[in-house]
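Just below is one structure, and these are the notes that go with it.
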Amino acid sequence: MAMTQVPQSLNFELSDDLKLLKSSLREFVEKELWPIAEQVEETDEIPRGAIDKMREMGLFGLPFSEEYGGAGIGELGYCVALEELGRASAAFTNLLGAHCSIGAMAMHIDGSKELKDRFMPALCAGDKLACFALSEPGAGSDAANISTSARRDGDAYSLNGVKHFITSGDVADYASVFAVTDPKLGARGGITAFWVDLNTPGVTRGPKDRKMGLFGSHTCELIFQDAKVPAENIIGKVGFGFLTAMKTLDMGRLSLGAGCVGSAAFMLEKSIAYAKERVQFGKPIAAKQAVQFMLADMATEIYAGRNMVYHGAWKADSGERFSMEAAMVKRYCSDMAIHVVDRALQIHGGSGFMKETGIERAYRDARILAIYEGTNEIQRMIIAEELLK
Amino acid sequence: MKIVVAVKQVPDTNAEKTFDPQTKRLNRSAIENVLNPFDEYAIEEALRCKETLGGDTTVTILTMAPQRGVDVVRKALGMGADNAAMISDDAIGGSDTMATAYLLALALKHIGFDLVLCGTQSTDATNGIVPAAIAEHLRVPALTYAKKLEIKASAVEIQREVETGYARVGSQLPAVVSVTKGINEPRYPTLKGIMGAKKKEITMLTLADIGADLARIGEAGAKTQVESFTPVGARARGEVFVASDPKEGARKILDFLIAKKAI
């Protein structure tokens, strides 16, 4: 075959700096995060020292531009990083995801230069933490139906309402809060995004929610009672908040998919190692076709997911619209990660059900992936809407 | 002050290694190469010296490797080194330890230095000769196995690790110092460091640039020769003692250790 005749229009090779980023993060995860995974699970806390190390590494500024102290690695770089971090326990990716992917991202996308100059450097350095407050008890998937209100009061806005299931709500210094400025207009012009200092009088943090998994990462309610937010803290323009929320979530969905790919790849590696070592009926179980097929399916699904993530990220970095791809990535990769960890548990058998292997933790941690940052049903609606418009 | 750190790319310590039966050389292309773990301590120490000394102190990475060795250079630059120089030439293949030291010394003369830092050894060949051999070629003092290093004006003082403790050794600069594993905790390349690394200069040096005598390098110039190689056999199964009570068991182990002259 005349291979040289084939025009080369696609290049799947990561750039040298992204390769280095990938290997450095792999080493960081193995040396710094793996050893404390069980401790994080048992104590439901990430030790301060680990957060400091993540900060030194520059992880809190991962997706942000260099002018504000971020790493300036673009969406592809961010996805490559999240893929590696996905190999660590979900507590770490959730802390970073709430901060980078959505919390501070909303401001990074639509905030004014003044707002970014004021807040981004400390956020990129990890000296301050951000969270994202959109969901309410009465508005989950139906995010346009939020009822938290923001009433103009001189140079400020007065916020009232309750946000719930807010990841890192207990520890964050700031939140991107979405509130109704004009109830008549609803999502089309009636919702505004605010950058809120969570130590403002009138802001209360609820108790930690009791969850199925994701120990070490906390969610809670944020309660606003006449909390005054200066008008200059509006992210973007009055009435454009819902759009800001949607754009932010588009970005978050790609990196969430990347985390799914990383965690699934790690589960596959563990399953391969276990299948080679576990002897039943006089042979390693890897010799059984039943196990081989499970491994083959896992690998195939991971391959599909990874390529979707990279392609979506490439689109984002090229400045093209990628809403549909982001929704596809979120939908597919989360379902894939849940399926892969289920198969990993099956291969590990009884051992997988025990705490020691870390598989049962991954199994519990995976389930949320199909729910948060837009349920997979909402993702399907987004995809269908794009297809039919 | 100009600090130069000599580093090497080595096959990943965890990788399975094979040898080419014809050339009797390690199949390097088949395995992932990494920055020699011992060299990370030298880089870290150089960066710490720079942080302490401040001013116009620079850290240069020097390596001799095929083109793809640039990966380890990038890692070192990502950790914070200022720039790098790399000697790369097909004629270098087959060079032994002495030729390596000769070439590194020539390159050092070419780029200039006040202090050269090295790891104690590489994880692949484990000879541990290069640091002292470089110093010999350069006619400067070699201070080896430093577990602590301090620069005072134009002199360097180290705590040299010895079996019973440490010896304090010092010399004027320029000098070559090899540092041990315990000297520090190497940093990771930070994300900003990695992204910044691509803007840093990597100077490519040819054998002509540094004025190398071709007769002294490669297979022809090698003073040592690999005659043959044998894979390490699987370790024999250990002896198992079965005892009904702890006393009897202890006795058996004791007898075994005495027989082996271990105690």
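The values are calculated or read from the model by the stated rules, or taken from the named source; none is laboratory data. Note that the structure is predicted; figures quoted are calculated from it, not measured. Positions of Cβ are backbone-derived with ideal geometry, glycine not excepted, and every protein chain shown enters the neighbour counts.
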In the list B:Lys148, B:Lys75, which residue meets the criterion of being within 14 Å of another protein chain (Cβ to nearest Cβ) and buried (at least 17 other Cβ atoms within 10 Å of the Cβ)?
B:Lys75
Residues satisfying the stated conditions in the stretch A:187-197, i.e. surrounded by fewer than 19 Cβ atoms within 10 Å (Cβ to Cβ) and not in a loop (DSSP other than H, G, I, E, B):
A:Asp197
Does A:Val162 qualify as being assigned to a loop (DSSP other than H, G, I, E, B) and crowded, with 17+ Cβ neighbours inside 10 Å?
no
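Filtering the stretch A:28-48 down to residues that are within 14 Å of chain B (Cβ to nearest Cβ) and either exposed (fewer than 14 other Cβ atoms within 10 Å of the Cβ) or at pLDDT below 90 (or both), which residue is farthest from the chain's Cα centre (by Cα)? Explain how you work it out, then say what you get.
Narrowing the stretch A:28-48 to residues within 14 Å of chain B (Cβ to nearest Cβ): A:28-33.
Those left that are additionally either exposed (fewer than 14 other Cβ atoms within 10 Å of the Cβ) or at pLDDT below 90 (or both): A:30-31.
On the way: A:Glu30: 20, A:Lys31: 22 Å.
Taking the candidates together, the pick is A:Lys31.
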Sole miss for B:Ala197 among (1) of a type in the set (A, V, I, L, M); (2) within 14 Å of chain A (Cβ to nearest Cβ); (3) loosely packed, with under 11 Cβ neighbours inside 10 Å is condition (3)
Given (1) under 24 Å from A:Glu83 (Cβ atoms); (2) modelled with pLDDT of 95 or more, A:Ala287 misses just (1)
If you scan the stretch A:198-220, which residues turn out to be surrounded by fewer than 20 Cβ atoms within 10 Å (Cβ to Cβ), within 22 Å of the chain's Cα centre (by Cα) and in a strand (DSSP E or B)?
A:Arg205
Kindly indicate whether any position in the stretch A:118-129 is crowded, with 17+ Cβ neighbours inside 10 Å and in a strand (DSSP E or B).
no
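Rundown of residues vs (1) more than 16 Å from the chain's Cα centre (by Cα); (2) part of a loop (DSSP other than H, G, I, E, B); (3) modelled with pLDDT of 95 or more; (4) among the charged types (D, E, K, R), yes/no style:
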site: B:Ala91; (1), (2), (3), (4): yes, no, no, no
site: B:Met98; (1), (2), (3), (4): no, no, no, no
site: B:Phe113; (1), (2), (3), (4): yes, yes, yes, no
site: B:Val116; (1), (2), (3), (4): no, no, yes, no
site: B:Asp124; (1), (2), (3), (4): no, yes, no, yes
site: B:Asn127; (1), (2), (3), (4): no, yes, no, no
site: B:Ile151; (1), (2), (3), (4): yes, no, no, no
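Got at least one residue in the stretch B:248-257 being part of a helix (DSSP H, G or I), over 30 Å from B:Gln22 (Cα atoms) and touching a Ser or Thr at 6+ places or on another chain (Cβ under 9 Å)? Outline the logic, then answer.
Taking the stretch B:248-257 first, the residues part of a helix (DSSP H, G or I) are B:248-257.
With the extra rule that they be over 30 Å from B:Gln22 (Cα atoms), the set shrinks to B:248-257.
Keeping just the survivors that are touching a Ser or Thr at 6+ places or on another chain (Cβ under 9 Å) gives none.
There is no residue in the stretch B:248-257 that is part of a helix (DSSP H, G or I), over 30 Å from B:Gln22 (Cα atoms) and touching a Ser or Thr at 6+ places or on another chain (Cβ under 9 Å).
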Single residue of B:Lys247, B:Lys192, B:Lys223, B:Lys198 found to be out of contact with any Lys or Arg (no Cβ under 7 Å at 6 or more places or on another chain) and at pLDDT 90 or above:
B:Lys247
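Take the residues of the stretch A:57-87 that are in a loop (DSSP other than H, G, I, E, B) and among the hydrophobic types (A, V, I, L, M, F, W, C): which is farthest from the other protein chains (Cβ to nearest Cβ)? Even if it seems obvious, please write down each step before you answer.
If we filter the stretch A:57-87 for residues that are in a loop (DSSP other than H, G, I, E, B), which is where we start, we get A:58, A:62-65, A:69-73, A:86-87.
Subsequent filtering for residues that are among the hydrophobic types (A, V, I, L, M, F, W, C) retains A:62, A:64, A:71, A:73.
Values: A:Leu62: 7, A:Phe64: 11, A:Ala71: 4, A:Ile73: 6 Å.
Among those that are in a loop (DSSP other than H, G, I, E, B) and among the hydrophobic types (A, V, I, L, M, F, W, C), it is A:Phe64.
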Return yes or no: is A:Asp173 under 21 Å from the mean Cα position of the chain (by Cα), of a type in the set (D, E, K, R) and within 20 Å of A:Val229 (Cβ to Cβ)?
yes
